[in-house]
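The values are calculated or read from the model by the stated rules, or taken from the named source; none is laboratory data. No experiment lies behind these values; they were computed from the predicted model shown. Every residue, glycine as well, gets a Cβ built from its backbone with ideal geometry; the counts of neighbours run over all protein chains shown.
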Ligand SMILES: Nc1ncnc2c1ncn2[C@@H]1O[C@H](COP(=O)(O)OP(=O)(O)OP(=O)(O)O)[C@@H](O)[C@H]1O
């Protein structure tokens, strides 16, 4: 059983879910764990805290308490160490928690973090940075870039809906060129997925299982209003991956670039506005080192 827990907490993640965090910490304390809390003050802190915990030693697990962006940072900080990564999902969308089926009961989650098995997971790398869920450009890169953090904190998922509607009403995103070395596709929205779920419980890529090796790249034509509305409906129905006008690439390395005039095109990584085009994405399966070890049910 793990006893020494480093808890990296993002106080601005999520939407009124602090109660959940307290309950899980209490559940771990009841089982004899000693929890050291580190609160982030801005982007980059979670990754640095995780790296410091790994270098200092004396901790059995590093737990990310926040949303998918915080988990991404902690995972990147732990890469190369043998320390397991645990998750307390208190973010806005919490897609990783849905994907791996984390228990919703705080007591069960506390027990899992201390006693659950840590498994090496397949992931992806984008411009040498690890991601667990997806990399997106075009429609969702712009959407995440446009989200106002104050609105997100205040209105939670509604902030995404609002930003999405704005993208649909005022379309005109970049033309993207996506290549896996074999095929070259031009589209308006691309998502490279290591997970099935997307933006909550939507099933973006039903053929992907988080536990399995491999990335799936969906190239969606959506640029104009009608195309975007169609893509949202297909996403809501879980049909995007199988739609006839969506090109699906399964190669292990993907290059994404702007096909139009020079613009700065934002790229979302695990739901955070993190990079700009062009990007190189590669599959990082469990046979490669270093690894990320995640505590999963
Ligand atoms: N004290 C802070 N002030 C402002 N931003 C912070 C602070 N600490 C961390 N951040 C940044 O907050 C961003 C959002 O965090 P995170 O993704 O975990 O939450 P979320 O967006 O609410 O959840 P989700 O990704 O599940 O929708 C991250 O990019 C992180 O770097």
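Points to keep in mind about this one:
Per-residue answers, yes or no, for (1) crowded, with 19+ Cβ neighbours inside 10 Å; (2) under 15 Å from residue 136 (Cβ atoms); (3) at pLDDT 90 or above; (4) not assigned by TED's automatic domain parsing to the domain that holds residue 265:
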site	(1), (2), (3), (4)
181	no, no, yes, no
189	yes, yes, yes, no
211	no, no, no, no
224	no, no, no, no
249	yes, yes, yes, no
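- You will find that of 257, 234, 289, the residue that is surrounded by fewer than 20 Cβ atoms within 10 Å (Cβ to Cβ), in a helix (DSSP H, G or I) and either more than 16 Å from the ligand (Cβ to nearest atom) or not assigned by TED's automatic domain parsing to the domain that holds residue 77 (or both) is 234 and no other.
- When the stretch 136-172 is filtered for residues that are more than 14 Å from the ligand (Cβ to nearest atom) and either free of Cβ contacts under 8 Å to residues at least 12 places away in the same chain or buried (at least 23 other Cβ atoms within 10 Å of the Cβ) (or both), the ones remaining, listed by number, are 137, 138, 139, 141, 142, 162, 165, 170.
- Extreme residue, nearest to the ligand (Cβ to nearest atom), among residues of the stretch 22-66 that are buried (at least 20 other Cβ atoms within 10 Å of the Cβ) and in contact (Cβ under 8 Å) with a residue 60 or more places away in the chain: 24
- Residue check for residue 216: in contact with a strand residue (DSSP E or B) (Cβ under 7 Å, 6 or more places away or on another chain) and away from the ligand (no atom under 16 Å from the Cβ): yes
Rundown of residues vs (1) modelled with pLDDT under 95; (2) in a loop (DSSP other than H, G, I, E, B); (3) farther than 30 Å from residue 23 by Cα; (4) in the same structural domain as residue 259 (by TED's automatic domain parsing), yes/no style:
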| site | (1), (2), (3), (4) |
| --- | --- |
| 88 | no, no, no, no |
| 103 | no, yes, no, no |
| 124 | no, no, yes, no |
| 140 | yes, no, yes, yes |
| 143 | yes, no, yes, yes |
| 150 | yes, no, no, yes |
| 163 | yes, no, yes, yes |
| 168 | yes, no, yes, yes |
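- Annotation note: Cβ proximity below 6 Å between a residue of the stretch 95-115 that is closer than 15 Å to residue 211 by Cα and a residue that is outside any loop (DSSP other than H, G, I, E, B) (sequence gap 6+ or interchain) occurs for 95/68; 95/197; 96/68; 96/71; 97/89; 98/197; 99/197.
- Test: residue in the stretch 264-282 that is outside any loop (DSSP other than H, G, I, E, B) and over 19 Å from the mean Cα position of the chain (by Cα): no
- Flag if residue 76 is at positive phi, touching a helix residue (DSSP H, G or I) at 6+ places or on another chain (Cβ under 8 Å) and surrounded by 17 or more Cβ atoms within 10 Å (Cβ to Cβ): no
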